[in-house]
Amino acid sequence: MDDVTAILDHLNTAQREAVSAPQGNMLVLAGAGSGKTRVLVHRIAWLMQAEGLSPYAVLAVTFTNKAAREMRTRLEALLGLSLRNVWVGTFHSIAHRLLRTHWQDARLPQHFQIIDSDDQLRLIKRLLKDHRIDDERFPPRQVQSFISGCKEEGLRPHQVDAHGDAYMGQMVELYEHYQLTCERGGLVDFGELLLRSLELLRDTPALLAHYQERFAHVLVDEFQDTNTLQYAWLKLLSGMKTPMTVVGDDDQSIYGWRGARVENIRRFEQEFRDTRTVRLEQNYRSTSAILDAANALISHNTSRMGKELWTAGSRGEPISVYAGFNDLDEARFIVDTIREKVNEGHTRREIAILYRSNAQSRVLEETLIRQGVPYRIYGGQRFYERLEIKNALAYLRLLLNRDDDASLERVINVPARGIGTRTVELLRERARHTGVSLWQALHDGLGDASLRGRAGTAVKAFADLIERLDNDTAGLALHEIIDHVNEVSGLVEHHRSEKGEKGQARVENLEELVTAARAFTQGEALDPPVAGEGAVALEGFLAEAALNAGDHEADDFEDCVQLMTLHSAKGLEFPVVFIAGVEEGLFPHRMSIEEPGRLEEERRLCYVGLTRAMRKLYLTHAELRRLHGKETFQRPSRFLRELPDEHLEEVRLRGQISRPVTASRPAVGLSRQTSVNGGGDLPSLSLGQRVHHPVFGEGVILNAEGEGERARVQVSFEGEGDKWLVLGFAKLTPL
DNA sequence: TTTACATTGATTTTT
DNA sequence: TCAATGTAAA
């Protein structure tokens with residue numbers, strides 16, 4: 001402890017204040033790129049070294065595994081030691097840990113399983129079928145979000161007031177049934193992890209006292225994303241006595257639609273006495289042009305905590321705004337610009353294309369492919385969410401818990417073994433009548449011979465298979481168990497015989513699962529509540545798979561342009577950023593335009609997008625866009641108008657094209673000429689239209705200029721690239 | 001049990 | 001437009 005002040009080196013004043021503040025409640029309003037994680041990590045180091053807290057006494061909570069991992073890694077690097085005792089984890093992983101440790105007090109079966117939202121949805125669909133409830137009136141997704149919503153508000157079925165409304169009443173009833181099904185199967189969903197652990201602490205005073213005693217300081221990351229339940233959980237755990245450091249940014253709250261409550265920031269200031277508030281406003285990421293634009297945009301929101309980003313760096317290049325004729329033209333501009341950037345020496349991974357909704361990626365991808373630019377989409381399906389992996393996991397779960405109906409149903413006929421819907425229906429019926437699990441019903445059916453014949457044999461074979469797998473794997477190491485299950489269950493063979501490359505990839509994924517298991521036992525796991533052998537390790541592995549479904553990032557050996565939604569870009573930064581589709585109805589999205597609150601969230605999303613850019617930012621929009629198969633006229637987003645003129649620059653097409661540009665204000669010019677009528681007997685063409693040329697073959701019209709005989713169009717031909725053709729000469733046939 | 005065809009509906013997504 | 005469903009037919 002010779003020199004604790006070293007922890008404060010290279011920090012700015014505000015950061016230093018936050019890091020070294022005396023223990024007490026503190027709210028750190030950390031702007032984008034202001035060194036938030038740095039402060040959090042240094043704060044923990046400070047608490048340990050200057051305040052003398054034991055690593056054991058610190059609890060740090062994040063939202064994502066990635067953030068937790070980063071915090072731990074950086075902390076270890078800073079302190080130069082391994083910190084196995086510090087509790088750094090996501091809300092869910094910490095709740096899970098509590099429940100595993102105190103399963104009896106939590107009134108859970110020892111081997112309870114965690115289900116992800118996919119499992120949850122399946123379970124709900126099943127429930128609706130079983131209860132003959134019209135899934136038109138009660139769409140499974142809606143039921144799911146109702147149930148999750150209740151849990152996030154900390155409400156059990158009996159606490160939900162339907163106000164005598166029949167529809168709500170039905171929802172509540174479904175919630176109740178759902179809960180019962182979970183209890184019977186020993187299943188715990190994400191919301192349940194939190195709610196159950198809150199109840200555990202609340203109802204077991206000795207335990208609560210123990211943890212309140214133990215934790216001397218609680219730190220929370222991304223506080224603006226906490227929901228009601230998480231807030232209550234923190235409040236309970238701290239007992240309003242344990243000092244807390246919470247870090248967040250109200251301007252970056254973009255998950256309100258998922259239950260996050262920005263108000264929690266204000267609430268914290270009010271409810272937790274003597275809260276010191278520190279603002280981190282110096283930005284180390286972007287140019288001042290970008291920051292000015294972001295500040296200007298976000299100032300259109302009301303009831304902010306107040307914060308303005310600044311930088312000691314230079315103004316940098318202006319923000320480029322490009323108005324494309326249509327989505328193809330927009331994509332072409334983006335890809336052309338990327339190619340220029342790469343020629344100038346940028347690597348592709350330094351460049352990101354952000355968009356509001358996933359559907360926008362298609363046109364971009366096609367253009368990237370056509371021009372041979374490698375790209376990667378961030379946020380696709382993750383490892384543990386893949387079908388073949390979920391199937392394998394379902395077998396594994398059955399080994400631990402035969403009463404897991406969801407898993408049983410998932411694999412009872414995968415690979416196909418002659419147990420059709422009819423038989424499963426029968427089993428379900430029986431299970432429901434006698435109030436037992438499917439596994440039990442299956443045995444009862446075999447016992448009293450109501451399951452006979454072909455179906456009976458098949459079911460018997462399945463039951464035997466599960467028992468055999470269980471016996472055969474007793475005493476094996478985790479990865480051996482999984483390998484064995486993959487083979488003997490027939491899953492590997494099942495996928496091997498699948499046609500196409502798909503099957504091959506799936507077999508490889510199953511192999512990858514074995515590798516992941518091996519890594520897990522060797523201690524690479526982020527948060528193993530229990531390490532051990534065989535069944536114990538399996539339990540840990542399954543929990544890990546549910547809580548940490550794998551990374552979005554793929555192998556980055558190839559240098560790729562990054563494509564992602566604005567939501568998934570949060571927390572990341574790139575030297576060059578394109579935001580595509582900056583149009584009314586798309587961004588802000590039409591579903592969010594009416595309500596002021598939701599519109600403000602869209603604006604915050606835009607703010608998040610702008611602040612991802614380090615050096616150069618492009619905003620693009622199209623005047624005509626294919627949406628749901630229809631060509632739609634689009635107007636530039638209001639957000640463009642909210643940016644300061646002095647930092648904007650309209651991009652003009654490489655001098656080739658002169659076309660009317662409306663008014664002095666760039667980027668908000670409305671409809672331009674979007675179709676070319678050749679006049680006379682020339683064909684009538686429009687942008688984006690497919691045409692045929694006798695020499696070049698088929699292509700798409702990207703661009704146009706001029707009139708009459710001299711009119712020219714730019715056509716993108718497959719394999720031939722883009723060409724300008726004079727309508728009077730070229731024999732173009734519309735397709 | 002698989003395959004073909006119609007119907008539908010369509011933000012954002014960690015855990 | 002297109003992907004994900006559900007139904008009908010083989």
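I'd like the full set of residues that are in a helix (DSSP H, G or I) and either out of contact with any Asp or Glu (no Cβ under 8 Å at 6 or more places or on another chain) or surrounded by fewer than 17 Cβ atoms within 10 Å (Cβ to Cβ) (or both), limited to region A:408-431. If the condition is that a residue be in a helix (DSSP H, G or I) and either out of contact with any Asp or Glu (no Cβ under 8 Å at 6 or more places or on another chain) or surrounded by fewer than 17 Cβ atoms within 10 Å (Cβ to Cβ) (or both), then A:Leu408, A:Glu409, A:Arg410, A:Val411, A:Thr421, A:Arg422, A:Thr423, A:Glu425, A:Leu426, A:Leu427, A:Glu429 are the ones that fit. Among the residues of region A:273-298, those identified as in a strand (DSSP E or B) and not basic (Lys, Arg) are A:Thr277, A:Val278, A:Leu280, A:Gln282. Annotation note: Cβ proximity below 8 Å between a residue of region A:331-351 that is more than 20 Å from A:Val321 (Cα to Cα) and a residue that is assigned to a helix (DSSP H, G or I) (sequence gap 6+ or interchain) occurs for A:Arg348/A:Ile338; A:Arg348/A:Val342.
No other residue among A:Ala458, A:Ala463 is assigned to a helix (DSSP H, G or I) and out of contact with any helix residue (DSSP H, G or I) (no Cβ under 7 Å at 6 or more places or on another chain) apart from A:Ala458. Report every pair of residues separated by at least 6 positions or lying on different chains whose Cβ atoms are under 6 Å apart, first residue within region A:353-373 and under 17 Å from A:Tyr322 (Cβ atoms), second of a type in the set (Asp, Glu). Close Cβ pairs satisfying both conditions: A:Val363/A:Asp327. Can you spot a residue in region A:142-162 that is basic (Lys, Arg), free of Cβ contacts under 8 Å to residues at least 40 places away in the same chain and assigned to a loop (DSSP other than H, G, I, E, B)? Yes, region A:142-162 contains at least one residue that is basic (Lys, Arg), free of Cβ contacts under 8 Å to residues at least 40 places away in the same chain and assigned to a loop (DSSP other than H, G, I, E, B).
Each residue in region A:212-236 was checked for being more than 22 Å from A:Val39 (Cβ to Cβ) and in contact (Cβ under 8 Å) with a residue 60 or more places away in the chain, and 6 of them qualify. State whether the residues of region A:345-368 include one that is in a helix (DSSP H, G or I), within 16 Å of DNA strand C (Cβ to nearest atom) and among the β-branched types (Val, Ile, Thr). Yes: region A:345-368 contains one or more residues that are in a helix (DSSP H, G or I), within 16 Å of DNA strand C (Cβ to nearest atom) and among the β-branched types (Val, Ile, Thr).
Exactly one residue out of A:Leu128, A:Leu59, A:Leu78 is under 30 Å from A:Glu429 (Cα atoms), touching a residue at least 40 places away in the same chain (Cβ under 8 Å) and of a type in the set (A, V, I, L, M, F, W, C): that is A:Leu128.
Yes or no, residue by residue, for (1) more than 27 Å from A:Glu512 (Cβ to Cβ); (2) under 26 Å from the mean Cα position of the chain (by Cα); (3) away from DNA strand B (no atom under 16 Å from the Cβ):
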site: A:Ile369; (1), (2), (3): no, yes, yes
site: A:Tyr384; (1), (2), (3): no, yes, no
site: A:Val411; (1), (2), (3): no, no, no
site: A:Gly435; (1), (2), (3): yes, no, yes
site: A:Ser450; (1), (2), (3): yes, no, yes
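The one condition from (1) within 14 Å of DNA strand C (Cβ to nearest atom); (2) over 29 Å from the mean Cα position of the chain (by Cα); (3) among the basic types (Lys, Arg) that A:Lys390 does not meet is (2). Inclusion of A:Ser197 among residues that are small (Gly, Ala, Ser) and in contact with a helix residue (DSSP H, G or I) (Cβ under 7 Å, 6 or more places away or on another chain) is warranted.
Only one entry in A:Ala416, A:Ala441 is within 16 Å of DNA strand C (Cβ to nearest atom) and of a type in the set (A, V, I, L, M), namely A:Ala416. Looking at A:Leu81, A:Leu59, A:Leu99, just one residue is part of a strand (DSSP E or B), of a type in the set (A, V, I, L, M, F, W, C) and either more than 23 Å from the chain's Cα centre (by Cα) or more than 30 Å from A:Met168 (Cβ to Cβ) (or both), and that residue is A:Leu59.
For region A:253-272, taking the residues that are outside any helix (DSSP H, G or I) and under 27 Å from the mean Cα position of the chain (by Cα), the one that is farthest from DNA strand C (Cβ to nearest atom) is identified as A:Val262.
Could you list all residues from region A:102-119 that are within 25 Å of the chain's Cα centre (by Cα) and surrounded by fewer than 22 Cβ atoms within 10 Å (Cβ to Cβ)? Across region A:102-119, the qualifying residues are A:Ile114, A:Asp116, A:Ser117, A:Asp118.
Consider A:Arg402 carefully, then state whether it is surrounded by 15 or more Cβ atoms within 10 Å (Cβ to Cβ), touching a residue at least 12 places away in the same chain (Cβ under 8 Å), touching a Cys at 6+ places or on another chain (Cβ under 6 Å) and outside any helix (DSSP H, G or I). No: the conditions fail for A:Arg402.
No value in this document is a laboratory result; all are computed from the given coordinates. Note that the coordinates shown come from a computational prediction; the quantities given were computed from them, not determined experimentally. Note that we place each Cβ from the backbone using ideal geometry, even for glycine, and neighbour counts take in every protein chain shown.
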